[in-house]
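Data block below; observations after.
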Amino acid sequence: MAVGQSTARREAAKPARLRRMLPNPIPLVLGLVWFVIAFYPVYYMFITSLRTQAGFLSGSLWLPPSNPTIENYLGVIQNGIGLYFLNSAFVTVISVVLIVAVSLLAAYAIARIRSRVVQLTFRMFLLGLAIPLQAAIIPIYVLIVRIGLYDTLYGLIPPQVAFGIPLTVLILVNFIRDIPNELYDSMVLDGSGHFRILWNLVFPLSRPALITVVIYNALQVWNNFLFPLILTQSSNVQTLPLALQQFQGQYGVNVPGLMAAVFLSVLPIIVLYVVARRQLLGGLTAGFGK
Amino acid sequence: MSRRLSWSISLMLLPAVAFFVVFALGPMIAAVYISLLDWNGISTPHWVGFGNWAKAFTDSVTLHSIFLTVQVMVLSWIVQTPISLLLGVFLAGRQRYRALLGVFYFLPLLFSAVAIGLIWASSMLSANGALNSFLQAIGASSLTNDWLGNPNIALYAVIAVIAWQFIPFHTLLYQAGTRQIPQVLYEAARIDGAGTLQQFFYITLPQLKYTVVTSTILILTGSLTYFDVIYVMTGGGPGYATRTLPLQMYITAFQDAQIGYGSAIAVILAVVGVLLSLIMIRLTGFGRMESQAEGL
C-alpha cells in the first residue's frame, strides 16, 4: 500500500516538475528582452574598448573585434588614470571611515538615551535625509573656499561626510535598537561605561549593518561627481568621475579610449559585485529597501 | 534606557552633529540667505530681498527648466514604475534562470552616473553609435536620428538613459517587496481557481502598495536632482532642450557667476524636495517601511 501510494505520488509529480523545468514562455521572452537592454550597452562598451580607433566605425554590433587590442588601456594608463584612481581611493577611504565612525557614536547615543536633546538631534539628522545635495552646494563652495580647502582632495571630504551621516545614522540606530536589552544590562552591571559597551558589545554585533553602510557610502563617494566638479579645478586633484568627464573633451572622437577608461573606472566595483553580490546589492538599497 | 544626557553621551553625538551642521544643514540655511543677495561670489554682495525669487518665477529660462523638470518627473515615473514592477515580480520567482538573468539586470547599478552618461552619449546614441548602426542594419535607416543633438528628441533620450540607470534599483525594491508577500495568499487563490494574471492583479499588486509608494516618491524626488547624467550627455543642450532645474542652478551659479540667483533656484529645489519627502513619510511611515526590508 505504502509503495503503491508513493509511486502514484511520483507519477503525479512528474508533469509538475516538467512544468517547473520548462519556464513559462511569456515571462521568459520578456525577461530576455530586458536582458539585452540592460546588458548590451555594457557589453558594447567593453568590445569597443578592445577596438582600434581606426576600426571603431566599421566594427560589428555584436562581435568582439577579431584582433582585439589593449592599446586603448595602455593609452589611458599612460594618460595617468592611476593618479585619479588613487585620488578617488584616498577620498573614499577617509570619508567612509569618518562617516561610519562618527555615525556609530551618534547612533549609539540615539538608540540608548531617551533625553530630549538626543532625540531632537535624531530628528535633525532625519530632516537631513530630505536635503538634496544640489540645494546646499553653493554655500558649501563658498565655505570650502573660505577655509582654504578649495582645489584640494581634503576639501571633498567634509561635505561627503556630512551628507553620508543622516542615512548611516538611521540604519545604525534601527540596528542597535534591536540588540536585546539584557545584553546591555549585564554589561552595565559589570560596571562598563558607554564607550566600553559600544566597543565590546555594539561594534561586534552590528557587523551586518556596518557592512551595509560601508558599501553604501563607499559607492556614493566613489561615484560622486558634483563635489569634485565644483570644489576642484586642477587636474592633479581630480577624482575618477570628474577625470572621465574631462577625458571626454580630451579624447574627442577616440571612443575606444574613452570606453577603456570607463571600464577601468568601474572595474573595482565589478570585482566587488562578483565576490560579494548580495552584500553589494543590500548596500545599494540601504535604507530604501524599506 | 537612560534619560540622562551625560558628558560621554554628548561627546559621542558631537562629531556627527558638527560635520552635519557645518557642512550640510548650515549651508542649506545659508542658501536661503544668499538667495536674498545680488552676488557674483567675489565682489561685495548687495541685499535685494526677494528680487532673485521674483526673477526665478518670471525668467523664461528658469520657467522653462521648471517645466522640463516636471516632464522628467512624470515621464520617469511612467517609464520606470511598470518596468521595475514587472521585473521585480519576475525576479522574485525562484527559478534558477531568473536568478541568472538578475545578475545581469543589476549591472547598471555598478556604474557611476558619469560612466553611464559617457557610454550612452559616445557609443550608443552618437551619430555613428550602436543604436543608429542597428537601425541601419535592420533596414530602418529612416528612424536613425541625432538622438542627443536634436532638440525635439534630446529630452526623451535623456529620460530613457536615466530609466536605464535607475530601473535596476527600483527592481530591487519590488523584488524584495514581492518576496515579502505571504505564500498562503497565493495558495488560497489557486484553490479558488485564480489564474496567474488574477493572482497578479488581486494579490501581488495590492500587496506591493507600500513599495509602489516608496519607489514613486524616490523617483519624484530623484527627478528633482538628476544632474550628472544630463550634464555629461548634453550639458543642458542643445539650446535649452535638456536644461532641467539642477542644470539651470549650476549654470547660473557657477558659469554665469550669479551666486544669489542660483541659490534661489537651489532653495526651490530643496523646498519641493522636502515637501515630497514629507509626503513620503506621511503616506508610508518609517515603521511600516522597515518591515518591508527583510526580503532582500
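Every read-out reported here was derived from the displayed coordinates using simple, explicitly stated rules and does not represent laboratory data. Bear in mind that the values here come from a model prediction, so they are computed numbers and not experimental data. Because the Cβ atoms are built from the backbone with ideal geometry, glycine has one as well, and the counts that use them run over all protein chains shown.
Here the Karplus relation 6.51 cos²θ - 1.76 cosθ + 1.60, evaluated at θ = phi - 60°, turns the backbone of region B:201-216 into coupling constants of 7, 9, 10, 4, 4, x, 5, 8, 3, 5, 5, 4, 4, 4, 4, 4 Hz, with x for every Gly and Pro. Per-residue shielding of B:97-109, expressed as the average number of other chain Cβ atoms within 10 Å of the residue Cβ, stands at 5. Net charge of the neighbourhood of B:Gly260, taken over other residues with C-beta under 14 Å away and scored Lys/Arg +1, Asp/Glu -1, is -2. Working value for region B:60-247: equivalent-ellipsoid semi-axes of 35, 20, 14 Å, each the square root of 5 times a Cα gyration tensor eigenvalue, largest first. Each Cα pair of region A:48-176 feeds into the Kirkwood radius, which the Stokes-Einstein equation turns, at 25 °C and 0.890 mPa s, into a diffusion coefficient of 133 µm²/s. Distant-in-sequence amide contacts of B:Ile153, defined by a placed amide H-H separation under 5 Å and a gap of 5 or more residues or a different chain, comprise nothing.
Net charge dipole, region B:72-230: roughly 420 debye, given to the nearest 20, about the Cα centre with Cβ charges of +1 for Lys and Arg and -1 for Asp and Glu.
As a proxy for reagent exposure, ranking B:Trp120, B:Trp147, B:Trp7, A:Trp34 by other Cβ atoms within 10 Å from fewest up yields B:Trp7, A:Trp34, B:Trp147, B:Trp120. Taking Cα centre as origin and charging only the Cβ of basic (Lys, Arg, +1) and acidic (Asp, Glu, -1) residues, the dipole magnitude of the protein assembly as shown rounds to 1720 debye. If you take all other residues with their beta carbon under 15 Å from the beta carbon of B:Phe106, and give Lys and Arg +1 and Asp and Glu -1, the sum is +3. Taking other Cβ atoms within 10 Å as a rough exposure proxy, A:Val42, B:Val22, A:Val255 sort from fewest to most as B:Val22, A:Val42, A:Val255. The calculated Kirkwood hydrodynamic radius for the protein assembly as shown is 26.0 Å, given to one decimal from all distinct C-alpha pairs.
Given only helices, namely DSSP H runs of n ≥ 4 each adding -39500 (n - 2.57), what is the per-residue ellipticity at 222 nm of the protein assembly as shown, to the nearest 500 deg cm²/dmol? Could you put the intermediate results ahead of the total?
Details: 29 runs with 395 residues, N = 586.
Calculated from helices alone, the mean residue ellipticity at 222 nm is -21500 deg cm²/dmol.
When A:Thr285, B:Thr58 are sorted by how many other C-beta atoms sit within 10 angstrom of their C-beta, beginning with the fewest, the order is B:Thr58, A:Thr285. Shielding of peptide B:223-235 by partners, expressed as the average count of other chain Cβ atoms within 10 Å per residue Cβ, is 3. Any chance you could tell me what percent of the C-alpha pair distances in region B:1-133 go past 21 Å? Result: 75 percent of Cα pairs exceed 21 Å. For the segment A:216-225, counting C-beta atoms of other chains within 10 Å of every residue's C-beta and taking the mean gives 3. Over the C-alpha atoms of region A:80-284, the Rg to Rh ratio, Rh being the Kirkwood estimate, stands at 1.04. Karplus-derived 3J(HN,Hα) values for region A:156-164, using 6.51 cos²θ - 1.76 cosθ + 1.60 with θ = phi - 60°, are 7, 6, x, x, 4, 5, 4, 7, x Hz; glycine and proline are entered as x.
Scanning residues 5 or more positions from B:Asp38 or on other chains, those with amide H under 5 Å from its amide H are B:His46, B:Trp47, B:Val48, with H placed 1.01 Å from N in the peptide plane. Each residue of region B:254-263 is assigned a 3J(HN,Hα), and the resulting list reads 9, 9, 8, 6, 9, 5, x, 5, x, 5 Hz, derived from the Karplus form 6.51 cos²θ - 1.76 cosθ + 1.60 (θ = phi - 60°), x at Gly and Pro. Reducing region B:186-230 and region B:84-126 to their Cα centroids gives an inter-centroid distance of 18 Å.
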